[in-house]
C-alpha cells in the first residue's frame, strides 16, 4: 500500500509488514507496538506452531527413540513430547532448520538439509497467506486496532510473487535497511559469534557450497564444521539479500534505516517515523 500523509493519518486500522534481515529491529518494533493496541503477528511463530509443528516433533522423537531409557516409554505412549515455541524464543524452529555439515558435529546431512529447507519455504509461504485472516481475527476476536506483521529475514528469498502481492494488498511494507557500515559489521559479527540456522535459496546454497568446498579442499558437505560454514556464508547471504529487499520496497513500500528504528521509543515515535518516510517519497 502507498499513502499520502492525509490518507495514512485517516487509516483507522493500520497494518504494517516489517521487512529486513534478522537483527535490524523488526521484533523490537513489534514487541514495543504490542503494548499499544497492535496485534503482533510473528511469521516464524506461525510457522513453528502451525505448519512445522509435526515435522519438528518427528525429528525430536527420532532422536529420543535412540535413547534406551526413552525408547519404550515413547513406544508405549507412557510419555509424550510437545513443542514449546514462543514468539521471543523460536528454538524448536531453528533446531528443525539446522545447520549444514558433519552430523557428528551436530550438523545436518545435505539431502536432509535441502528437504528441510524446502519444507520451511512452503511453511513460510503458507504463514504469509494467513495474514489477511489474522488481520480479521486480530480485530474481530481480540479487539486490536492495528496489526504488525513481523516476517522472517528470508521473506525476500521465497520467489513467490503471490506472497508479495498479498502483503502489498493488505499492509504497508516497511523495509528496515542497514546503511551504516558500522551497523552492518555489528550485525554480521553478531551472527557469526552466535551462528543461527538460516534459510537459503537453492541456487544460492549450491553456488556457495561449491565455493566453500573448493576453498577448503573438501569433497562433501558432511566434512564441514556446521558453525564454521554458517559463519562463512552469512556475510554473503546478507549482501545477496539487499537487492532482493530493495526490489520489494522500491515499487511497493517504504524504506527506513536501522538507526532510525533504534530511536523509536513508543507508538508515537513509530507513527512519526512512518509519516516521515511517506513524506520522503511523496
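Read-outs throughout are calculated quantities, based only on the coordinates presented, and are distinct from any laboratory measurement. Worth saying up front: this structure is predicted, and the values here are computed from it rather than measured. Here the Cβ positions follow ideal geometry from the backbone for every residue, glycine too, while neighbour counts run over all protein chains shown.
Observations, loosely collected:
- Ranking of 213, 32 by neighbouring Cβ atoms within 10 Å, starting from the fewest: 213, 32.
- Between 0 and 90 degrees, the angle of helix 131-140 with respect to the longest Cα principal axis of the chain falls at about 60 degrees.
- If the convex hull is drawn through the Cα atoms of the stretch 20-272, its volume per residue in Å³: 146
- Sequence-separation-based contact order of the stretch 20-272, relative, with Cα cut under 8 Å and 6+ spacing, percent: 31
- Cα centroid separation, the stretch 21-57 to the stretch 228-282: 17 Å.
- By average C-beta atoms within 10 angstrom, highest first, the peptides 261-267, 185-191, 93-99: 93-99, 185-191, 261-267
- Cα gyration tensor shape for the stretch 135-242, rounded if a/c is under 1.5, else prolate or oblate: prolate
- Annotation: the residues 41, 254, 144, sorted from fewest to most other C-beta atoms within 10 Å of their own C-beta, follow the order 144, 254, 41.
- Anisotropy class of the stretch 15-139 from Cα gyration tensor, a/c 1.5 cut: prolate
- Within a Gaussian network of the chain (alpha carbon springs, distance under 10 Å), most fluctuating of 70, 33, 174: 70
- Legend: ranking of residues 31, 49 from fewest to most surrounding C-beta atoms inside 10 Å; resulting order 31, 49.
- Part-to-part distance (alpha-carbon centres) for the stretch 86-112 and the stretch 133-211, which is given in Å: 19
- Within the chain, DSSP assigns beta bridges of which about 5% are antiparallel (rounded to the nearest 5).
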